[in-house]
1. Find all pairs meeting these conditions: Cβ atoms under 9 angstrom apart; at least six residues apart or on different chains; first residue within segment A:67-85 and within 12 Å of chain B (Cβ to nearest Cβ); second residue among the basic types (Lys, Arg).
2. Out of the residues in segment B:22-41 that are free of Cβ contacts under 8 Å to residues at least 60 places away in the same chain and closer than 11 Å to B:MET90 by Cβ, state the one that is nearest to the other protein chains (Cβ to nearest Cβ).
3. Could you tell me whether segment A:4-19 includes any residue that is more than 21 Å from B:ALA178 (Cα to Cα), of a type in the set (Phe, Trp, Tyr) and surrounded by 14 or more Cβ atoms within 10 Å (Cβ to Cβ)?
4. Could you list, in sequence order, all residues of segment A:4-34 that are of a type in the set (Val, Ile, Thr), under 18 Å from B:ALA162 (Cα atoms) and touching a residue at least 40 places away in the same chain (Cβ under 8 Å)?
5. I'd like to check something: does segment A:113-128 contain any residue that is surrounded by fewer than 17 Cβ atoms within 10 Å (Cβ to Cβ), within 14 Å of chain B (Cβ to nearest Cβ) and either at pLDDT below 95 or under 20 Å from B:TRP30 (Cβ atoms) (or both)?
6. Condition (residue is assigned to a helix (DSSP H, G or I), within 14 Å of chain B (Cβ to nearest Cβ) and over 28 Å from B:LEU189 (Cα atoms)) applied to segment A:33-54: is it met by at least one residue?
7. For segment B:25-65, what are the residues that are more than 28 Å from B:ILE139 (Cα to Cα) and touching a helix residue (DSSP H, G or I) at 6+ places or on another chain (Cβ under 9 Å)?
8. Hey, can you tell me all the residues within segment A:134-177 that are modelled with pLDDT of 95 or more and touching a Ser or Thr at 6+ places or on another chain (Cβ under 7 Å)?
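The values are calculated or read from the model by the stated rules, or taken from the named source; none is laboratory data. Treat the numbers as computed from the prediction; the structure is a model and nothing was measured. When we count neighbours, we look across all protein chains shown, and the Cβ atoms used for this are built from the backbone with ideal geometry, even at glycine.
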Amino acid sequence: MVRFFVIFLVLLAALFALELTPWAQTHLVIPWTNFLAKVSTAIVTMFDSSVIAEGKVIRSSAGNGFAVSIEAGCNGVEATIVLLAAMLAFPAPWKYRFIGLAIGFVAVQGLNVVRIISLFYLGQWNYTVFEWAHLYVWQALIMLDVLVVWLLWVRRVPPPGDRGAPPPSAPPALAAG
Amino acid sequence: MTGVAARPPRPLLRFVLITLAWLPVTFTVWYVLAPAILMPAELLIRGIARGFLPDLVRAIDSHDSVLSFVTTLRPGSAQAGGELTVDVNMLLYAFGLPLFVALTLAARQRPLWRPLLIGYVALMPFIAWGVIADFLKNIAITAPPLVASQAGFGAGARDMIAFAYQFGALILPAVVPAVAWVLTHRPFLEQLRGAWSARGAR
């Protein structure tokens with residue numbers, strides 16, 4: 001367990017430092033954030049056609065002109081990095097890591113889209129509630145999501161002596177490390 | 001009448017639902033009692049400022065959960081009068097506390113006070129990290145050049161402050177409570193594993 005957490009924290013710091021590099025920002029983070037704004041807007045326009053995306057900004061083109069900008073911490077990149085570090089640090093076959101990360105990425109980013117859309121409407125309704133949800137509540141919920149995804153993934157990882165066997169339904173590896 | 005074997009309850013789903021039910025309660029208590037709950041972090045911040053930043057911080061005032069760092073820096077040129085104050089909201093770095101408490105209450109691992117105490121103590125230094133890094137970022141990076149130059153940080157130090165701030169703001173407040181919870185709940189996780197095994201054996 002101690003070994004797992006040491007590796008996890010080292011990987012976390014390294015991946016986060018990598019994310020902050022200009023190259024990663026230009027080629028990964030900013031395009032992803034813009035894409036996220038487009039996806040969120042596409043979903044919202046199904047029931048609210050006045051919403052448009054401009055880069056990382058989601059804006060209401062009618063009424064109050066309210067807009068939210070998807071900044072660092074709100075694009076789900078950090079949450080994905082946490083999940084990636086946790087899956088890489090835990091002893092598991094690479095196949096399980098790839099599958100876990102793919103499913104986990106969808107789970108984290110899916111909830112993050114819900115966060116973005118909810119904040120867009122909360123901000124138009126009540127700014128105090130928006131601030132609360134933005135700064136505290138959604139941060140906790142996204143981390144809870146990451147924790148649950150990781151626990152579900154750990155359940156599926158075969159124990160070290162059982163590698164090569166089909167995915168078990170029991171979670172044998174929680175005590176590893 | 002034919003009997004259908006009932007499936008055992010989904011332990012993780014139950015745990016998540018109970019956690020979600022606790023979150024409004026823990027967030028409310030956390031917000032209302034924040035000045036008292038965050039007192040250890042505030043004392044730690046005051047100690048760090050006194051011990052390591054005496055040339056930059058003259059005093060720290062607190063109101064509600066906001067710490068006002070009264071600096072030795074001048075708002076404009078070094079010769080101009082006035083003093084520069086930087087406000088930092090401690091809650092921004094402490095939202096992991098209600099999450100940790102909700103997870104702990106949902107796990108119901110006995111004795112309850114033990115993980116609560118360990119988690120509470122473990123989170124305080126990281127809250128202090130976030131607040132101090134926020135203050136340093138304000139005076140070294142986001143302040144106007146005339147102020148930043150008075151702070152006297154070199155390029156390397158500014159890079160370190162920027163990383164410490166980003167890590168302390170975007171990663172630590174959410175990750176530390178989850179790590180603390182996993183570390184203090186090995187018995188619960190084993191119990192979860194047992195329940196999963198029972199479900200899988202059906």
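1. A:GLU71/A:LYS56; A:CYS74/A:ARG115; A:ASN75/A:LYS56; A:GLY76/A:ARG115
2. Taking the candidates together, the pick is B:PRO35.
3. Looking only at segment A:4-19, we keep the residues that are more than 21 Å from B:ALA178 (Cα to Cα), and these are A:18-19.
Narrowing the set further to residues that are of a type in the set (Phe, Trp, Tyr) leaves none.
Among the residues of segment A:4-19, not one is more than 21 Å from B:ALA178 (Cα to Cα), of a type in the set (Phe, Trp, Tyr) and surrounded by 14 or more Cβ atoms within 10 Å (Cβ to Cβ), which makes the answer no.
4. A:VAL29
5. Looking through segment A:113-128, at least one residue is surrounded by fewer than 17 Cβ atoms within 10 Å (Cβ to Cβ), within 14 Å of chain B (Cβ to nearest Cβ) and either at pLDDT below 95 or under 20 Å from B:TRP30 (Cβ atoms) (or both).
6. From segment A:33-54, those assigned to a helix (DSSP H, G or I) are A:33-44; that's our starting set.
Now narrow it down to the ones that are within 14 Å of chain B (Cβ to nearest Cβ): A:33.
Next cut, over 28 Å from B:LEU189 (Cα atoms) only: A:33.
Within segment A:33-54, one or more residues are assigned to a helix (DSSP H, G or I), within 14 Å of chain B (Cβ to nearest Cβ) and over 28 Å from B:LEU189 (Cα atoms).
7. Step one: list which residues in segment B:25-65 are more than 28 Å from B:ILE139 (Cα to Cα), which gives B:25-30, B:32-33.
Selection gives B:VAL25, B:THR26, B:PHE27, B:THR28, B:VAL29, B:TRP30.
8. If the condition is that a residue be modelled with pLDDT of 95 or more and touching a Ser or Thr at 6+ places or on another chain (Cβ under 7 Å), then A:LEU144 is the only one that fits.
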